[in-house]
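J.: Mind having a look at this structure? Questions to follow.
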Ligand SMILES: C[S@@+](CC[C@H](N)C(=O)[O-])C[C@H]1O[C@@H](n2cnc3c(N)ncnc32)[C@H](O)[C@@H]1O
């Protein structure tokens with residue numbers, strides 16, 4: 001399942017000039033093409049109860065046991081996480097620019113690839129992304145995301161393979177993933193990331209604010225705070241495209257602001273890319 005994506009598939013010609021808007025339109029078309037809106041709505045309701053609220057065993061692989069749920073995950077969670085990551089990368093000024101070389105971002109637990117892709121788009125030139133996940137569906141969708149956004153991307157089938165894929169990445173992102181790992185795995189990842197961060201790798205870790213989901217947060221993040229990172233709680237109001245917002249409302253999900261915990265590198269010197 002390792003694979004490199006170049007520019008094989010491009011976004012269709014659409015009205016907005018912003019590649020983010022065009023990506024979200026293409027995402028909707030992709031996942032609503034062969035399924036009824038009501039099927040995806042039902043699947044989203046069930047996914048949000050089983051995977052997100054009850055945190056059923058075996059994570060995503062078990063949760064995505066039908067086409068509707070796969071579409072709901074890619075569409076609703078993909079869009080939300082893409083827009084949230086984009087806003088965080090902009091607000092914390094994490095984009096790479098003026099380095100004189102192509103930068104690389106490692107996206108661990110990449111899902112459909114949206115966090116790494118958002119970072120690549122906020123860098124000039126666009127960063128290369130290596131996305132790692134254990135779900136083959138997620139990796140398939142991540143490759144589609146990279147192709148649709150014309151980002152150079154590779155995928156790896158595990159976080160361990162992802163950590164070995166790059167000698168020292170310029171950035172590492174883990175969005176809504178650390179809470180799915182057991183404590184030993186989480187500790188190993190912390191140990192692997194710390195030396196990189198000490199040598200200048202930029203970091204973005206995103207988790208929901210929840211004592212139930214991330215009781216380990218303060219202890220896990222503390223060592224990074226001595227290495228130019230800081231932990232924050234932040235509230236983000238994101239605007240989903242109308243069709244995805246309707247899907248959420250129909251599934252009974254509110255459109256409240258996201259309340260997030262982030263661990264992030266402090267004010268990097270490179271400045272924002274324009275993407
Ligand atoms: C909630 S999703 C978040 C995905 C993506 N980062 C995003 O923001 O949309 C968590 C992801 O972590 C992946 N994951 C969980 N445990 C993993 C493990 N042990 N190794 C690799 N990936 C894992 C899941 O397959 C899933 O794609």
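J.: Sticking with the crude label model, points 7 Å out along Cα→Cβ, report the distance from residue 249 to residue 97 in nm, one decimal please.
T.: Label at residue 249, label at residue 97, 3.6 nm between them.
J.: Using a Gaussian network for the chain with springs between C-alpha atoms less than 10 Å apart, which of these wobbles most: 68, 113, 228?
T.: Residue with maximal mean-square fluctuation among 68, 113, 228: 228.
J.: Follow-up question, since we're still on this one. Starting with the fewest neighbours, write out 69, 235 ranked by other beta-carbon atoms found within 10 Å of each beta-carbon.
T.: Working: 69 22, 235 10.
Ascending number of Cβ neighbours within 10 Å: 235, 69.
J.: How high is the relative contact order of region 81-135, given as a whole-number percent (alpha carbon pairs under 8 Å, six or more residues apart)?
T.: Contact order relative to length: 42 percent.
J.: With springs connecting C-alpha atoms under 10 Å apart, model the chain as a Gaussian network and identify which of 207, 25, 225 has the largest mean-square fluctuation.
T.: With Cα springs under 10 Å in the chain, the top fluctuation among 207, 25, 225 is at 225.
J.: On to the next question. Counting only DSSP beta bridges with both residues in the chain, what percent are antiparallel, rounded to the nearest 5?
T.: Taking every DSSP beta bridge within the chain, about 45 percent pair in antiparallel fashion.
J.: Select from 169, 125, 215 the residue whose mean-square fluctuation is largest in a Gaussian network model of the chain (Cα-Cα springs shorter than 10 Å).
T.: 215
J.: Further question on the same structure: Taking 2.2 N^0.38 Å as the expected size of a compact globular protein, what ratio does the Cα radius of gyration of the chain give against it, to two decimals? If you can, show how the numbers build up before the last one.
T.: Values: Rg = 17.4 Å, N = 275, 2.2 N^0.38 = 18.6 Å.
Here the Cα radius of gyration is 0.94 times the empirical estimate.
J.: Give me the base-10 log of I(q)/I(0) for region 206-266 at each q in 0.21, 0.30 Å⁻¹, Debye formula, one uniform scatterer per Cα, rounded to two decimals.
T.: So the normalised log intensities are -0.84, -1.20.
J.: May I pose another question? Let's test this: bin the Cα-Cα distances of region 76-212 at 5 Å from zero up to the farthest pair and state each bin's percent.
T.: Percent of pairs per bin, in order: 2, 11, 22, 26, 22, 12, 4, 1, 0.
J.: In nm, what is the difference between 0.36 nm times the number of residues separating residue 237 and residue 49 and their Cα-Cα distance?
T.: 65.4 nm
J.: Take the Cα atoms of region 143-275, find their three principal axes, and give me the spread along each one in whole Å, biggest first.
T.: That gives 45, 38, 32 Å along the principal axes, largest extent first.
J.: Further question on the same structure: By how many nm would the segment from residue 37 to residue 198 lengthen if fully extended, with 0.36 nm per residue of separation less the alpha-carbon distance?
T.: Result: 53.2 nm gained on full extension.
Bear in mind that the values in this text are calculations on the coordinates, not laboratory data. Just so you know, these numbers come straight off a predicted model, no measurement behind them. Because the Cβ atoms are built from the backbone with ideal geometry, glycine has one as well, and the counts that use them run over all protein chains shown.
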